[in-house]
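Comments concern the structure below.
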Amino acid sequence: MANKPLLPEMMKTHGVSRRAFLKYCASLTSLMALSPAMVPRVAKALESAPRPSVIWLSFQECTGCTESITRSHSPTIEDLIFNSVSLDYHHTLQAASGHAAEAAREQAMKDNYGKYLLVVDGSIPIKDPGYSCIAGISNLDMLKETAAGAAAIVSVGTCAAYGGVGHANPNPTGAVAVSEIITDKPIINVPGCPPIPVVMTGVLAHFLTFGIPELDALGRPKAFFGESIHDRCYRRPFYDKGKFAESFDDEGARGGWCLYKLGCKGPTTHSACATVKWNNGVSFPIEAGHPCLGCTEPDFWDNGGFYKPLSVPSGDYRKMGLAAIVGGAAIGTASALLSKAGKAKAVKAHETVNAHDLEKSS
Amino acid sequence: MDCNHPSAKKPSATADVLSFVATGNASPVLHEVKHALIQLLKTGAESVIDLGAIPFAPGDDRVLNEILGIGEVHATLTVMGESHVRETAIPGVWCVDHLDENGEYQSRFIEVTYMPNILKTQREDAERGLETLAERLGALDDRR
């Protein structure tokens, strides 16, 4: 696969014009939050980038991430970009199975040791590694073995990035994220349940063109996860004016008002959903009238009810608040009880507010 | 920018309501355009402003459209979906909108230039064109 033609030849074969390529590069540069002045550099890098071998491992997952990336819309140029890497192992997509498939993985590792890109979706069970195996090899062993020769790792989806649904309380399999096992390789987290297809291809394109992108504290590329959904939401002006839908069929819902009171996690969720959108740029959950679930954030499954406003403490937060009251303790003391400073901070930030408070402060 | 172009999807009733919502970012963008135009005239330096890089609501588009207006040139490119390249009523200021095959916006730019690069025939395409023409002429000769 290493001898596959480079992008210019593939474009020629597929009848894709240079102008179409430049259009793609312009949109990709915008998507990567790079200056438009970088378009020629992006084009040049994509044309001349060597095609790295990619090994894609799927562990405890629902295949939603693979579904998502394969349903990337088809200007065929995106397929070309994806084809411009050499996808040497992906057990859902490849024709080979069983030992033949594992032989392909081992061969790709041997041929490209130290240079290949490892993509992982799904969490890894560590309570009993036997909970999830491929060809008799536990996820834990396969990850360690394959990561050893990788140049970098991309954790695709919230399960690989932060544990996801497998990690949700009570976490019966002891599911953990890739970064909790592999600590000596660069890891790019591309969370989402699933991630936006074009964000996945965009991260791969960034890796091809300029290497590892700039990451935030949670290991996410800042280009795609640097801003909250709330900051980019077209309903934000309603939030600023304190106009909220109170139910899914009231005047506010029909008028497109802010969904904050219906549980929208947009203010605490970092993702490109509001700008890149889904289904070929058609819409995103908030535009469809549903609050954001916060799926790109760690432990979003356990962050209280999907339909509870952020201002209402819930789950552990609620218990913590009760403990503080019973003990007559201050918030700081309660946070020590929980031994998780982040949760205390969240509680402090989640003071109950109403529309009138917001109007006064806006 | 060119929200009313027939190939773009029609705005919904909700979009009509929202078309008056503005973030207030149109004014600074227009000032940026003014500075870019001064640079173009002084030094020939071209500028591109990515409208996807700043929060922009439909109301901001209205302001932008009102101030920049519609100029003399409007080209439609059919490359993996349509692209609309429109000179505004301020010569030297172009709106470049890239749509996908479903008519959804991929990216939107304001280019301050004498001629947007995407309009020009690219050298690689011209080389391919030469090959195609030679093949067709060869086929024509064979038919004779």
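Read the figures in this text as sums done on the coordinates, not as results from a lab. This structure is a prediction, so every number in the text was calculated from the model and none was measured. Note: ideal-geometry Cβ built from the backbone for every residue, glycine included; neighbour counts use all protein chains shown.
Below are the figures for this structure:
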| read-out | value |
| --- | --- |
| Order of A:His167, B:His31, A:His90 under a 10 Å beta carbon neighbour criterion, fewest first | B:His31, A:His90, A:His167 |
| Over 21 Å between alpha carbons, listed pairs A:Lys243/A:Lys308; A:Lys277/A:Lys308; A:Lys23/B:Lys120 | A:Lys277/A:Lys308 |
| For A:Met11, A:Met38, A:Met200, order by how many other beta-carbon atoms lie within 10 Å, fewest first | A:Met38, A:Met11, A:Met200 |
| Rounded D (µm²/s) - segment B:61-144, Kirkwood Rh over Cα pairs, Stokes-Einstein at 25 °C, 0.890 mPa s | 163 µm²/s |
| Euclidean distance of C-alpha centroids, segment A:143-186 and segment A:226-274, integer Å | 32 Å |
| For segment B:13-114: rounded, prolate or oblate by the Cα gyration tensor [a/c cutoff 1.5] | oblate |
| Number of partner chain Cβ atoms within 10 Å, mean per residue of A:24-36 | 5 |
| Separation between Cα centres of segment B:64-103 and segment B:111-144, rounded to whole Å | 23 Å |
| Mean-position separation - Cα centroids, segment A:105-123 and segment A:188-217, in angstrom | 17 Å |
| Coil-residue trypsin sites (Lys or Arg not before Pro) of segment A:210-279, DSSP, other Cβ within 10 Å capped at 15 | A:Lys241 |
| Shielding score for B:99-107, defined as the mean number of other chain Cβ atoms within 10 Å | 6 |
| Taking A:Val165, A:Val198 and counting other C-beta atoms within 10 Å, the order from fewest to most | A:Val165, A:Val198 |
| DSSP bridge orientation in segment A:7-225 - percent antiparallel, rounded to nearest 5 | 25 percent |
| Cα-based equivalent ellipsoid, segment A:7-225: semi-axes from gyration tensor eigenvalues, Å | 30, 19, 15 |
| Average beta carbon contacts from partner chains per residue of B:76-85, 10 Å cutoff | 4 |
| Cα gyration tensor category, rounded, prolate or oblate, for segment A:248-300 with a/c compared to 1.5 | oblate |
| Gained length - A:His14 relative to A:Tyr113, 0.36 nm times residue gap less alpha-carbon distance | 32.5 nm |
